[in-house]
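This report refers to the structure that appears directly beneath it.
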Amino acid sequence: MSAINDTKFKFTVFLLTGIPGQEHIHNLWISLPFCLMYVISILGNSVILFIIKTDPSLHEPMYIFLSMLGFTDLGLLIATMPTILGIFLFNSREISLDACFGQLFFIQSLHCIESSVLLLMAFDRFIAIRDPLRYASILTLPRIAKMGLVCVLRGVAVMLPLPLLLKRFQYCRVNVLSHSYCMHQEVMKMACSNIRVNNFYGLFITVVTVGLYSLLIFLSYVMILKTVLSIASHKEFLTALNTCVSHLCAVLLFYTPEFSLTLIHRFGNVSSPLLQIILGYVNLLVPPLINPIVYSVKSKHLRSRIIRVFVK
């Protein structure tokens, strides 16, 4: 059936699902780890943002990009927390169509913005290693601000058509989602309309955000490795590589589950539904949890400022 351009839906709500088959332990064993993950993630990212904002010595390109990453992670936590904790704590499964469309828009947009920020951080590391003497003159504060604005506008512009396209459809199939948050790939399959445009546009977004940006990050590290190998001193070689460890961890945390989910959604019809759900939670909740820890451990300046705050 073709898409119908009206706003009359058979269903007025979607029903979210926590972990299928484990509903009896939601309130006890699963809600506690999720609550702890949210508390630690929000606290960790907030502390890092506070330290970077209040300490002028950290107003450098690397830490400004880290603050952008922290803001993006906080946004993802805020976008997913109401439905995920609502299910595990209060068994609140209903979500209206507009709220569902809004949530998937924010999740997709913030993921797109985070991929852009990770690319900027790779560029930052490349400039710092390749041309350290001109590092501060190339990555000035106004230029960084423009880069951040472009990332946000790009994420919003690319993802805005998704909820607008979904809103055109009629939904008359089973309205039970298999996750505790709204995903574009799953919601569009519940439409009783022609979803070919959404399929092609979703594939385009995947190629641009996951494929192209990961390729550019890989090429950046090829250039970084080429530059580092030309360094004669063994100590300088290790020091240069050590500055990239935190960013490499952030890239792996973001793209590993992202690639896995993309392959499963496109080609994994025989994969376990539980595997998809677990990867979905890892994709959303693990990077905001681990990124602050990794950067706090690897950055001596940031670590010393955090310790000073808590000692006071």
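Summary of computed values
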{"item": "Sorted by Cβ neighbour density within 10 Å, fewest at the top, the residues Leu110, Leu216", "result": "Leu216, Leu110"}
{"item": "Cysteines, the chain, no other Cys beta-carbon under 4.7 Å", "result": "Cys35, Cys112, Cys151, Cys244, Cys249"}
{"item": "Dipole magnitude (debye, nearest 20) for the range 164-281, charges at Cβ of Lys, Arg, Asp, Glu", "result": "380 debye"}
{"item": "The range 287-312 residues near the modelled Tyr135 label - backbone nitrogen below 15 Å, point 7 Å along Cα→Cβ", "result": "299-302"}
{"item": "Cβ-derived FRET efficiency at R0 22 Å, Val156 paired with Leu85, nearest 0.05", "result": "0.25"}
{"item": "The chain, helix-only ellipticity at 222 nm - DSSP H runs n ≥ 4, -39,500 (n - 2.57), divided by all residues, nearest 500", "result": "-23500 deg cm²/dmol"}
{"item": "Among Leu215, Ile277, Cys249 the positive-end extreme of the charge dipole of the range 215-309 (Cβ point charges)", "result": "Cys249"}
{"item": "Estimated FRET transfer efficiency (Val222, Thr243; beta-carbon r; R0 22 Å; 0.05)", "result": "0.85"}
{"item": "Kyte-Doolittle at least 0.5, axis length at least 30 Å by Cα - qualifying DSSP helices, the chain", "result": "31-54, 61-90, 97-130, 245-267, 273-298"}
{"item": "The chain, relative contact order [Cα under 8 Å, separation at least 6], %", "result": "29 percent"}
{"item": "Net charge dipole size for the range 144-204 [Lys, Arg +1 and Asp, Glu -1 on Cβ; Debye, nearest 20]", "result": "140 debye"}
{"item": "Cα-centred dipole magnitude for the chain, charges only on beta-carbon of K, R (+1) and D, E (-1), debye, nearest 20", "result": "440 debye"}
{"item": "Cross-link pairs beyond the 29 Å C-alpha cut-off, checked among Lys146/Lys235; Lys226/Lys298; Lys53/Lys300", "result": "Lys146/Lys235"}
{"item": "Trypsin sites (Lys or Arg not before Pro) restricted to DSSP loop in the range 183-284 with at most 16 other C-beta within 10 Å", "result": "Lys189"}
{"item": "Protection proxy ranking of 238-246, 283-291 - average other beta-carbon atoms within 10 Å, highest first", "result": "283-291, 238-246"}
{"item": "Where labels lie 7 Å past Cα in the beta-carbon direction, separation of Arg168 and Arg196 in nm", "result": "1.3 nm"}
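Taken together, the values in this text are just the output of simple stated rules run on the coordinates, not laboratory data. Everything quoted here is computed from the prediction, not taken from an experiment. Every residue, glycine as well, gets a Cβ built from its backbone with ideal geometry; the counts of neighbours run over all protein chains shown.
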